[in-house]
Every structure is written in C-alpha cells, then in structure tokens.
Amino acid sequence: MSTTKKSTAKPSKTRYKKEPVTFSEIGDVRYLHFGTPWVQGAMNVRRPYKLELEYARMMMAYLLFRDEPKRVAQLGMGCASLTKFTYKYLPGSHSTVVELNPDVIAAAYGMFRLPLDERIEVVEQDAALWVETQKAAFDVLQIDLYDASARGPVCDSVAFYSACFEALNTDGMATINLFGDHPSFEKNMRNLHEAFGGRVIALPEIHEGNRIALAFKGAPMMAASGLFSQPSPAAAYAGRAMRHDASMVLKKGFASRLSMKRVTRPMMRPRTNLLSSSF
C-alpha cells in the first residue's frame, strides 16, 4: 500500500495558507478547485488515468529525452493526474508526491481515484523544505506549485530551483508548470537558468495560458541548435522561430507516443458553479 508521511520540520516560509478544496463537473470531467473558479486539476471519470488537461500532457515531455525513470517526484499533488499516469503507463517507476494541504491528499484518494500502492509514496510536507533534503535522489521532478490565486508558482526562487537541481541524479531533468502571459514567467525563467546553468527549454504557451519549462541537469541537447530559451529579450526573439518549430515536433511526437488527443476544453474557469462538497 502507499504511504503518507507527515513532516516534523519547522513551518515553511512558502507563501501558503490552507485553502478550501472544492469540485465542479462538466459532463464526464471532474475539476479540482481551491475555493475559486481557477482549475487546479481535472479527471475524466470514465478514463481516470487519462491526462485530461493539455498542460499535464506537456509535463510528461521528459519522456522524449530520457528513458523510463525509476524515481519520479511530483511537487504539488493537484488531483494526482501525473502520479496516476506514471503509475499506470510507467510500471517500472516509483512516484513520490509532495503536498502540503492534507485536504488535497484526501481529495486525490476520495475524488480522483489515486491508487493505494507501494509504488506511490505521499509526503505531507512543504515542497520547498522537502526538496532541500534530497540529494541526487530522483530521475525526474515535476513541479506544479500554485495556490488558489494562481498568480504564478509559490516556489520560484533561485534557492528553490537550485535545491531541485541537487535533488536530481546526474542525468535528471525537471518539468515546471509556468504561466506564459504572467510577470512571474520571466522571473522563473531567469531563476531556472541560474540554477540549471542555462540548460532550460521553454515550450510555447498553450491555449490555456500555461507554458511548460524543461530543465536539464545532465547533458542536454546541443545548445547551438537554438532550441534553448534565453532569459534576455534579444536572445528570445532571435531563437523564437527555431524554438517554435522544435516545440511543435515535441508536441506531435509526444502525442503520437502516448496516443493522446488535444484537449479543447478550457483549463481555467469552467462554466459551472462550484459544487458545495469539500473537505
């Protein structure tokens, strides 16, 4: 069975407050919210292991660069879509999920069908504190840390991303969920570049507003190809076309490999009232 560990660490300085966990549904899709219309995750009740949201599928793009990982960590649980997908389709992998809000953990099991299995470890702790204790422990980190306001990641410092770098093994990599049209994007990209020595790819913004960054600890693809995003506006402009073409290849190859279709339903603000049920 899976295990849930509670931390005895000192309170984190992460800007966090416990938020209500609420739900909504449109057709066969159940959404997770933190008391606001902003969507924090989604599950198709008929296909609970499917990655319903496009940004979640893009978070799995590391499979194009690395073999099946042995140890994966998800920082921020949401509705556990990434954890469930890894569990079902990567049978040789073990997942560690780090989530601070116990109600989110309860919702993952009770409303979003997270399996109870020894291959899934759930840690109830601040991800910023937890990652500092991990040294060369993981092949992949998937970082998706947002609060109810969804105004950018709640952990975005150079120190945090440097700790993520140290938590990866020699050839490890991280996928990070960012907002492309938000002021936090440039800050996060600058800090990721500093922590990962410039080995960062920024995929194009998707229609939902998300933009996924891929950060490499080990040997990445050739930087000379122009695929790597740069924090400066001039460099970003110069490489825009090439990065776009490369990203389209990533998206097409990823969809083909995982046999998935593009989701056209908006990620943010579904047109339905929040259900009254909550934890």
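One residue is enough: does the range 110-118 have a residue meeting the conditions within 23 Å of Tyr31 (Cβ to Cβ), more than 13 Å from the chain's Cα centre (by Cα) and among the basic types (Lys, Arg)? Yes, the conditions are met somewhere in the range 110-118.
Counting residues in the range 91-102 that are among the β-branched types (Val, Ile, Thr) and in a helix (DSSP H, G or I) gives zero. Do we find that Ala106 is of a type outside the set (S, T, N, Q), touching a Ser or Thr at 6+ places or on another chain (Cβ under 9 Å) and in a helix (DSSP H, G or I) in this structure? It is false that Ala106 is of a type outside the set (S, T, N, Q), touching a Ser or Thr at 6+ places or on another chain (Cβ under 9 Å) and in a helix (DSSP H, G or I).
Evaluation of Thr170 against the conditions (1) modelled with pLDDT of 90 or more; (2) in contact with a helix residue (DSSP H, G or I) (Cβ under 9 Å, 6 or more places away or on another chain) shows that the sole unmet condition is (2).
Answer yes if at least one residue in the range 219-240 is within 24 Å of Tyr146 (Cα to Cα) and at pLDDT 50 or above, and no otherwise. Among the residues of the range 219-240, not one is within 24 Å of Tyr146 (Cα to Cα) and at pLDDT 50 or above, which makes the answer no.
Are any of the residues in the range 153-166 in contact (Cβ under 8 Å) with a residue 60 or more places away in the chain, more than 21 Å from Leu64 (Cβ to Cβ) and surrounded by fewer than 22 Cβ atoms within 10 Å (Cβ to Cβ)? Yes, the range 153-166 has at least one match. Contact map, the range 204-232: residues that are within 15 Å of Met189 (Cα to Cα) paired with residues that are modelled with pLDDT under 70 and of a type in the set (S, T, N, Q), Cβ distance under 9 Å, separation 6+ or inter-chain. Pairs shown: Pro204/Ser247; Ala213/Ser229; Leu227/Ser247. Scanning the range 161-171 for residues that are within 15 Å of the chain's Cα centre (by Cα) and either aromatic (Phe, Trp, Tyr) or farther than 19 Å from Leu100 by Cα (or both) turns up just one, Tyr161. Which one is surrounded by the fewest Cβ atoms within 10 Å (Cβ to Cβ) among residues in the range 95-121 that are within 23 Å of Ser162 (Cα to Cα) and at pLDDT 95 or above? Looking at the filtered set, the residue picked out is Thr96. Suppose we keep only residues that are β-branched (Val, Ile, Thr) and over 20 Å from His207 (Cα atoms) within the range 38-85. Which one would you say is surrounded by the fewest Cβ atoms within 10 Å (Cβ to Cβ)? Selected residue: Val45. Considering the range 76-116, and only residues there that are among the charged types (D, E, K, R) and touching a Phe, Trp or Tyr at 6+ places or on another chain (Cβ under 7 Å), the residue that is farthest from Arg57 (Cα to Cα) turns out to be Asp103.
The values are calculated or read from the model by the stated rules, or taken from the named source; none is laboratory data. Just so it is clear, the structure is predicted and the values come from calculations on it, not from any experiment. Note that we place each Cβ from the backbone using ideal geometry, even for glycine, and neighbour counts take in every protein chain shown.
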